[in-house]
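Here the structure is laid out as structure tokens; the discussion comes afterwards.
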Amino acid sequence: PTLFPLFPSLSPLSFSDVAVFFSVEEWVMLKNKKNKISLSKGFCYDNINEQSENQFWVFLKILFGFSQKKPIIQIKHLFLKIAWSRVIASSYRHKPNFMLIFVFYSISYYFKTLCGESGLCDCGESPAGEKQDESSQNSRRSLPPPLHERIKGKMYKCTECADSFLTSRSLASHKKIHKAEEPHKCLDCGRTFKQKNHLNSHQRVHEDKKQHQCIPCGKTFGSSEPNSQKKRPTRKKSCKCLECGKSFRSASDLTCHNRIHTGEKPYHCTVCGKSFSQKGHFNLHKMIHTGEKPFQCLQCGKCFVSSGGLNAHKLTHTGEKPYKCLECGKSFRNSGYLTSHRRIHTGEKPYQCTECGKRFTKPYCLTVHKRTHTGEKPYKCTECEKCFTDSGYLSRHKRLHTGEKPYECHTCGKSFNEKKKYIIHSRTHTGEKPYQCQECGKRFSDSQELMIHKRIHTGEKPYKCTECGMSFRKSSYLGIHKRIHTGEKPYKCHECGKSFSQTSSLKSHRRVHSGEKPYKCLECGTCFRTSGQLISHNRTHTGEKPFKCIDCGKSFKDCLNLTLHKRIHTGEKPFTCIECGKSFKYRMSFTVHKRIHTGEKPYKCTECGKCFSASSNLTSHKRIHTGEKPYECLECGKSFNRHDTLILHNKMHKGEKPYKCLQCGKSFSQKVHLKSHERIHTGEKPFQCKQCGKSFHCSATLTSHLRIHTGEKPFQCLECGKRFAHSGDLHAHERTHTGEKPYKCLECGKSFRKSSHLTSHRRIHTGEKPYQCTECGKRFSQISHLNIHKRIHTDE
């Protein structure tokens, strides 16, 4: 740009036309020769003529603010006094005052124009009155290259990081970063600085501050009026972007801004190859590789890569949130957070994905989203090598390994590893449910839960299994479902070694060992291990059955029971045993069945040590020791320790026997009895005793038989203390004390204590003799009579 538009007679000037760069040695020369100008460029004051005086006066008036004309000689001395005193003072500090040099040589150029291109007088002397001989010219050849020749080379290089600098002073300041040296300390606040000029600027804060004190409260202000604010002159935003119209105060700011439109990123990281549009961002990025965090919090010792990060962190200690939303009154520590928050009210989402068109309120959210298209997961866990798209996800994941839970509830003391979970949990104490469904009015404490709930109304199930085609409303449900196909059970109980596919299942299982039942019914006081069990239980009090079967109209208390009921109509049996090929409608039945093959019996009675494959069997067994019989028949008043036993008993009153044998037509009240009976026709005896090799039609008969070998008699009479191997024998024995004979013959009215005795008695009336001798063909009504008869043939 032209420096002197007021002088049309002069040719346009640029900084390079008039600027002269000094080497360190040249500054020393200037210091030693105050009254001589021994440089190649200069001017002679005596050659200024009267014709150029007016023009020269206007020039000096602009530079120095002269109000009236002065003789040329006075101007000469004034100029020498101002220029040389400041140049020499700058040289003492080893810090050239380039603006003053610019002024000095601008005037020099003006005089050179008046005196001729040589810059010398007609007498051939230099401006200082010296002859320019060869010796003086050769003396400059021995000096180091001037500064402008060193700009391209940057001859001062740091040995630590290989950065280059123009001057040795810049290199010395830079080295303090590696040494973490901050030698300049503020005596008022204790803050330290690497450079003295930074300390000088900082001290002005203390000098301007606390000049005026408020008498009532003692607070001090920089102005005599506490509420007054000093108006600082603001520079005009003269540099305008031609693309978007945005204005800036300086050309350098506009240059940085233009890179947004051009996409230019001139600063490249040599370590990872990442590029940046601004040098400040590049410098911060380099600290990631070096691990350097030069800004430390004096409160907690935490370090940061930038002063802005430290300043934002300090607000966490003070609790200050200076940025307030005018819409809802919410406050923030950072202006960036406030800007992002305002978009909630405006609905603005300025950042759009070019792949799928999805929009975001924050640029970082867009960056993370783009990785779903590219598959990039740059953040890796060093413990398990799992990768993540976001550094925040990695930080939360690491807490699983460390067990860290930094967010603690002040009400109940419960801790969380994620801030979001803590916020949602705190709403359980306050009862706050800010998110409401517009369809049914139901409210939620979490926005994510509301979004998932809306899919119930829309029927949307966006997450589909590629194996079986089943769809789900939540991605987490799909993840859990996939484990059915893979058989993966990543969550293991440290107590018993049992594994689970879900964390919730593991938590519920742990309560079996601890006996914890944290969910209590307010109506009856019954406690439950899971919240789902409590919700289902509460419906027994309210009578609510919100889940209805479309096929038969039957209603259920919970969704799971409806799902299980639907399999009756569809005949679906999704759980198949890979050992024997048997299929099951219910997962629990399938789990219990698998224990037949493995022999696992994880549920142990603490009274007698007996083990069971199902928890329900253990619960029923405990009632033998306690004598509890909570299930009572409304017809005859008889009580039972199992609910299914009561159901079977009720069929006796009704005479219901829905299960019929196709071979002989005999009917049974239980399906298991029919299956045992069918084995009589087929001759199948799948249950074999490992002690003697004897086989049996049903597992109950084998269990009873094993007690012959073990001598176990677990059933004891409470009246006389007599023990029995079979529960049926105990019940029959108890009737000897009570005199009860519940089994009555309809033909003759005779009563019996045992049903087997009534069955044998009936054969007298019917003449039935089902037991035949294979030797002679003789038939008997009772098996005991057949066994006695066989001894005739064996001579036993």
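In the range 635-645, is there at least one residue being in contact with a Leu (Cβ under 7 Å, 6 or more places away or on another chain) and not in a strand (DSSP E or B)? Looking through the range 635-645, none of the residues is in contact with a Leu (Cβ under 7 Å, 6 or more places away or on another chain) and not in a strand (DSSP E or B).
Of the residues making up the range 504-534, those that are within 22 Å of H401 (Cβ to Cβ) and either open to solvent by 70 Å² or more (accessible area, probe 1.4 Å) or assigned to a loop (DSSP other than H, G, I, E, B) (or both) are K507, R510.
The C-beta contact set for the range 776-793 (first residue more than 16 Å from T759 (Cβ to Cβ) and at pLDDT 90 or above, second residue of a type in the set (V, I, T) and assigned to a helix (DSSP H, G or I), distance under 9 angstrom, 6+ apart or interchain) comprises C776/I792. Look at the range 577-605: where a residue is touching a residue at least 40 places away in the same chain (Cβ under 8 Å) and in a loop (DSSP other than H, G, I, E, B) and a partner is of a type outside the set (G, A, S) and open to solvent by less than 80 Å² (accessible area, probe 1.4 Å), sitting 6+ places away or on another chain with Cβ atoms under 9 Å, you get P602/C496; P602/K498; P602/R595; P602/C611; P602/F612. May I ask you to list the residues in the range 308-337 that are open to solvent by less than 70 Å² (accessible area, probe 1.4 Å), touching a residue at least 12 places away in the same chain (Cβ under 8 Å), outside any helix (DSSP H, G or I) and farther than 20 Å from F295 by Cα? Result: C325, single match. Inclusion of E432 among residues that are open to solvent by 60 Å² or more (accessible area, probe 1.4 Å) and within 24 Å of K474 (Cα to Cα) is warranted.
Only residues that are under 20 Å from the mean Cα position of the chain (by Cα) and either under 20 Å from Q502 (Cα atoms) or open to solvent by 50 Å² or more (accessible area, probe 1.4 Å) (or both) were counted across the range 435-479, and they come to 11. For the range 777-796, which positions are of a type in the set (K, R) and at positive phi? If the condition is that a residue be of a type in the set (K, R) and at positive phi, then no residue fits. Does K498 satisfy the condition of being modelled with pLDDT of 85 or more, under 24 Å from I578 (Cα atoms), surrounded by 13 or more Cβ atoms within 10 Å (Cβ to Cβ) and more than 25 Å from the chain's Cα centre (by Cα)? Answer is yes for this residue. If you scan the range 565-593, which residues turn out to be open to solvent by less than 50 Å² (accessible area, probe 1.4 Å), of a type in the set (S, T, Y) and within 18 Å of C468 (Cα to Cα)? Passing the criteria: only S583. For the residues I783, I680, the requirement of being of a type in the set (V, I, T) and touching a Pro at 6+ places or on another chain (Cβ under 9 Å) singles out I783. Could you figure out which of (1) modelled with pLDDT of 85 or more; (2) under 23 Å from the mean Cα position of the chain (by Cα); (3) within 24 Å of K265 (Cα to Cα); (4) surrounded by 11 or more Cβ atoms within 10 Å (Cβ to Cβ) isn't true of K302? Looking at each condition in turn, K302 falls short on (3). Of everything in the range 235-267 that is hydrophobic (A, V, I, L, M, F, W, C) and part of a loop (DSSP other than H, G, I, E, B), the residue that is least open to solvent (accessible area, probe 1.4 Å) is C241. In the set S501, S505, only one residue is among the small types (G, A, S) and over 28 Å from T606 (Cα atoms); that residue is S501. Select from the range 540-559 the residues that are under 38 Å from the mean Cα position of the chain (by Cα), loosely packed, with under 13 Cβ neighbours inside 10 Å and of a type in the set (A, V, I, L, M, F, W, C) and list them in ascending order. Residue satisfying the conditions is C559 alone. Among the residues of the range 376-410, those identified as open to solvent by less than 70 Å² (accessible area, probe 1.4 Å), assigned to a loop (DSSP other than H, G, I, E, B), more than 17 Å from K420 (Cα to Cα) and touching a strand residue (DSSP E or B) at 6+ places or on another chain (Cβ under 9 Å) are P378, C381, T389.
Among the residues that make up the range 728-745, is at least one of them over 27 Å from I624 (Cβ atoms) and either out of contact with any helix residue (DSSP H, G or I) (no Cβ under 9 Å at 6 or more places or on another chain) or not hydrophobic (A, V, I, L, M, F, W, C) (or both)? Yes: one or more hits. When F444 is tested against (1) more than 26 Å from S335 (Cα to Cα); (2) modelled with pLDDT under 85, exactly one condition is not met: (2).
Scanning the range 634-669 for residues that are open to solvent by less than 60 Å² (accessible area, probe 1.4 Å), under 21 Å from S616 (Cβ atoms), touching a helix residue (DSSP H, G or I) at 6+ places or on another chain (Cβ under 7 Å) and of a type outside the set (G, A, S) turns up F640, N641.
The values are calculated or read from the model by the stated rules, or taken from the named source; none is laboratory data. Source: prediction; values computed, not measured. Heads up, the Cβs are rebuilt from the backbone with ideal geometry, glycines too, and the neighbour counts pull from every protein chain shown. Calculation scope for accessible area: heavy atoms of the full protein, side chains included, ligands and nucleic acids excluded. Shrake-Rupley method; radii C 1.70, N 1.55, O 1.52, S 1.80 Å.
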